[in-house]
Amino acid sequence: MRSMWILILTGIAFAAVADESKVVLKDGPNRDLVMRSCLTCHSVDYVPLNSPFLDRKGWEATVNKMINAFGAPIKKEDVPAIVDYLSRYYGM
Amino acid sequence: MPSRREFLTQGAIGAALLSLPRLSAAADALKLQPSELPPGALESAVLEALPGKAALIKRTFRPPNFETPLEYFNDVITPNRVFFVRYHLMNIPQVNERSWTLKVGGDAAGATAEFSLSSLLAGFEQVEIVAVCQCSGNRRGMFVPHVPGVEWGVGAMGNARWRGVRLRDVLNAVGVNKDAVEVAFDGADSAVHDKTPDFMKSLPIWRALDESTLIAFEMNGEPLPHWNGFPARLVVPGWTGTYWVKQLTSIDVRSQPLKSFWMNPAYRIPRGRFALVDRFTSQETDVSTPITEMVVNSLVTNIAPGQRFDAKQWLDVKGIAWDGGYGITRVEVSTDDGATWRSATLGQDLGRFSFRQWTYRFAPAQRGRYTVMVRATNRLGATQTFELIHNPAGYHHNVVQKIPVEAV
């Protein structure tokens with residue numbers, strides 16, 4: 001039920017805000033995992049916007065902030081792969 | 001052979017053409033972003049219009065963070081359709097003004113009350129104030145080294161004529177107990193996950209009771225745009241935009257400080273680093289304090305870096321200055337790398353919380369490359385910094401601009 005609400009609300013937000021679907025992250029291993037993890041709460045343009053100036057530690061801190069401060073529904077075991085992708089394609 | 005005076009007069013139109021911006025919107029708005037922004041921020045910026053707004057510089061789509069292009073700051077009042085948009089959470093409901101209500105209460109309130117828009121308009125004196133709303137993180141993208149966040153250029157701000165009722169009058173109508181320390185505010189926006197902290201902010205009681213703090217319904221003579229807080233938002237002149245809660249739904253008069261992610265650890269500055277006046281003591285810790293009033297700042301609005309102009313004529317430099325509500329008293333321009341400073345001419349005074357326009361005519365003695373530097377000073381004697389005061393969240397960037405130009 002809860003996830004249905006998320007889908008509905010996400011759909012509304014997509015419809016209300018112009019052209020978010022154009023934002024696609026760089027192709028590479030774990031891109032889909034990263035997009036899936038980020039997209040429930042925000043558009044993925046936050047990633048290129050914050051690049052390339054974070055090192056691996058910086059991206060790790062950012063992902064952990066999303067989980068710990070904002071309650072992002074990301075599995076702990078997915079964090080290393082997400083950080084790998086972000087620091088490889090959007091890191092310094 | 002015309003005298004220099006005649007030449008200047010005859011040359012006025014030509015000089016105007018040379019020195020005025022030809023910012024035909026689109027491409028130029030993106031080109032005029034500060035070059036200091038992270039490369040990824042420059043690349044991912046596009047001009048997009050949210051429903052009911054004009055095209056702005058998109059930083060993020062969802063939640064929507066859209067910046068006002070530089071050209072619009074050539075006007076002292078920022079039009080509603082180009083006023084910047086900043087949200088933290090992605091559920092932003094369309095609020096129906098007929099069914100909208102504002103709940104006022106709390107453990108330090110004398111009573112609990114619920115107001116409709118019409119009861120607020122009919123029950124309290126309506127006042128107007130021109131005030132700058134600036135995001136705490138405006139110019140974050142220009143931090144060296146960069147810090148994560150929304151990588152704003154110079155346009156996460158705007159100046160509007162706000163109309164509404166005084167928060168003080170509404171609070172006094174329900175009663176404020178002697179033990180009140182803070183007043184907390186919630187808006188209609190919400191997160192998708194229940195673990196994401198709802199966006200709630202508080203003000204110290206003295207600031208909530210200040211006569212300039214408003215519950216505003218109108219901006220520049222029109223209802224607030226949806227993206228700027230329709231039907232009612234808090235207006236806290238002098239203080240950064242984080243306190244200007246949009247789509248206001250409830251007001252909570254508290255005997256205890258608000259515990260909210262958005263009060264701590266968010267929106268904090270290190271203690272003792274900035275020369276600010278307003279303190280928010282109930283939220284202070286040993287190391288940090290909530291951001292409060294804006295620092296003194298200025299912006300050149302009509303010239304682009306590298307701009308060329310006729311050395312036999314002049315360059316009209318134009319811009320705005322603002323501060324945390326004490327009022328701009330002086331704007332100075334240097335064209336010799338800071339060796340000498342000359343006063344710019346201040347424009348109309350729209351009140352101490354407003355942008356203050358200024359103009360300066362730079363007539364160089366000879367051809368060459370020059371750097372235009374501008375610094376503003378307020379009534380307290382506070383001015384801008386030459387060296388960035390770095391802080392982890394990227395707030396209060398008011399470094400003196402240095403814009404290279406060339407007299408040819």
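Per-residue HN-Hα couplings for segment B:260-265, Karplus 6.51 cos²θ - 1.76 cosθ + 1.60 at θ = phi - 60°, whole Hz, x for Gly and Pro?
Calculated HN-Hα couplings, in order: 8, 3, 6, 9, 7, x Hz.
Which of B:ARG59, B:ARG233 comes first, and how do the rest follow, when ranked by fewest Cβ neighbours within 10 Å? Present the calculation step by step, with values, prior to reporting the outcome.
Values: B:ARG59 28, B:ARG233 24.
Final ranking by Cβ density, sparse to dense: B:ARG233, B:ARG59.
Taking a cut-off of 30 Å between Cα atoms, list the lysines near A:LYS65, but don't count ones fewer than 8 places away on the same chain.
A:LYS22, A:LYS26, A:LYS57, A:LYS75, A:LYS76, B:LYS58, B:LYS195, B:LYS201, B:LYS246, B:LYS259
Could you rank the peptides B:370-383, B:288-301, B:130-143 by their average count of other C-beta atoms within 10 Å per residue, with the highest value first? Please report the intermediate quantities before stating the final value.
Details: B:370-383: 18.9, B:288-301: 23.3, B:130-143: 25.3.
Packing proxy ranking, top to bottom: B:130-143, B:288-301, B:370-383.
Tell me whether the protein assembly as shown comes out rounded, prolate or oblate; compute the Cα gyration tensor, take square roots of the eigenvalues as a ≥ b ≥ c, and use a/c under 1.5 as the rounded threshold. Provide the component values of the computation, followed by the final result.
Values: a/c = 1.80, a/b = 1.27, b/c = 1.42.
Here the protein assembly as shown falls in the oblate category.
For a test of the definition: using alpha carbon positions, the gyration tensor, and the 1.5 limit on a/c, classify chain B as rounded, prolate or oblate. Show your work: numbers first, answer last.
Values: a/c = 1.91, a/b = 1.87, b/c = 1.02.
Note, shape of chain B comes out prolate.
Net charge around B:TRP341, counting only other residues with Cβ within less than 14 Å of its Cβ (Lys, Arg = +1; Asp, Glu = -1)?
Values: positive: B:ARG330, B:ARG342, B:ARG375, B:LYS402; negative: B:GLU332, B:ASP336, B:ASP337.
Residues close to B:TRP341 contribute a combined charge of +1.
Using Cα positions and a limit of under 15 Å, work out the aspartates and glutamates in reach of B:LYS178, with same-chain residues fewer than 8 apart set aside.
B:ASP107, B:ASP252
Please identify every one of the GluC sites (Glu not before Pro) in segment B:313-408 that sits in a loop by DSSP and has no more than 14 other beta carbons within 10 Å of its own beta carbon.
Values: sites: B:GLU332, B:GLU387, B:GLU406; in loops: B:GLU387.
When the GluC sites (Glu not before Pro) of segment B:313-408 are filtered for loop state and at most 14 Cβ neighbours within 10 Å, B:GLU387 remain.
Taking the number of other C-beta atoms within 10 Å as the exposure measure, put B:MET200, A:MET92 in order starting with the fewest. Mind dumping the intermediate values first?
Details: B:MET200 18, A:MET92 14.
Fewest-to-most Cβ neighbours within 10 Å comes out as A:MET92, B:MET200.
In whole angstrom, how far apart do the alpha carbon centroids of segment B:323-354 and segment B:161-240 sit?
Result: 30 Å between the Cα centres.
Could you identify which residue out of B:ALA184, B:ALA45, B:ALA156 has the top mean-square fluctuation in a GNM of chain B using Cα springs shorter than 10 Å?
B:ALA45
Taking each residue in B:40-47, count the Cβ atoms of any other chain within 10 Å of its Cβ, then average. What number comes out? Present the calculation step by step, with values, prior to reporting the outcome.
Numbers: counts 9, 6, 2, 3, 9, 3, 5, 0.
Neighbouring Cβ atoms belonging to other protein chains average 5 per residue here.
Taking H placed 1.01 Å from N in the peptide plane, check which residues at least 5 places from B:GLN307 or on another chain put their amide H under 5 Å from its amide H.
Result for B:GLN307 returns B:GLU406.
Sum -39500 (n - 2.57) across every DSSP H segment of at least 4 residues in chain B, then divide by the residue count to get the 222 nm mean residue ellipticity, nearest 500.
Numbers: 7 runs with 46 residues, N = 408.
One gets -2500 deg cm²/dmol as the mean residue ellipticity at 222 nm.
Quantify how strongly other chains surround peptide B:59-68 by giving the mean number of their Cβ atoms within 10 Å of each of its Cβ atoms. Could you put the intermediate results ahead of the total?
Details: counts 3, 10, 14, 14, 6, 6, 5, 2, 0, 0.
That average works out to 6.
What residues have an amide H closer than 5 Å to that of B:MET200, excluding those fewer than 5 places away on the same chain, when H is modeled at 1.01 Å from N in the peptide plane?
Here the answer is B:TRP262, since their amide H atoms fall under 5 Å of that of B:MET200.
In whole Hz, with x marking every Gly and Pro, tabulate ³J(HN,Hα) for segment B:313-326 from phi via Karplus 6.51 cos²θ - 1.76 cosθ + 1.60, θ = phi - 60°.
Here the 3J(HN,Hα) series is 10, 7, 10, 8, 9, 9, x, 9, 9, 7, 8, x, x, 9 Hz.
Below 8 Å, C-alpha to C-alpha, sequence gap of six or more: please give me the relative contact order for chain B in percent.
Working: 987 pairs, mean separation 66.8, N = 408.
Relative contact order of chain B: 16 percent.
Among the chymotrypsin sites (Phe, Trp or Tyr not before Pro) within segment B:164-221, which fall in a DSSP loop and have no more than 10 other Cβ atoms within 10 Å of their own Cβ?
Working: sites: B:PHE185, B:PHE199, B:TRP206, B:PHE217; in loops: B:PHE199.
Passing sites in segment B:164-221 do not exist.
At a Cα cut-off below 25 Å, give the lysines reachable from B:LYS318, other chains included and same-chain residues fewer than 8 away excluded.
B:LYS31, B:LYS402
I'd like the mean, over residues of B:147-153, of how many other protein chain beta carbons sit within 10 Å of each residue's own Cβ. Walk me through the numbers before you get to the answer.
Working: counts 4, 11, 4, 3, 6, 1, 0.
For peptide B:147-153, the averaged partner shielding equals 4.
Could you give the nm distance between label points at B:THR112 and B:ARG367, where each point is 7 Å from its Cα heading toward the beta carbon?
Between B:THR112 and B:ARG367, the simple spin-label model gives 7.7 nm.
Running a GNM on chain B with Cα contacts under 10 Å, which residue among B:HIS397, B:HIS226, B:HIS193 ends up with the highest mean-square fluctuation?
Maximum among the listed residues: B:HIS193.
Can you work out ³J(HN,Hα) from phi for every residue in segment B:114-125, in order, using Karplus 6.51 cos²θ - 1.76 cosθ + 1.60 and θ = phi - 60°, giving whole Hz and x for Gly and Pro?
Using θ = phi - 60°, the values come out as 10, 10, 8, 4, 5, 6, 5, 5, 7, x, 9, 5 Hz.
Coordinate-derived values only; no laboratory data. The structure displayed is predicted, hence computed values, not measured ones. As a convention, Cβ positions derive from the backbone with ideal geometry for all residues, glycine included, and neighbour counts pool all protein chains shown.
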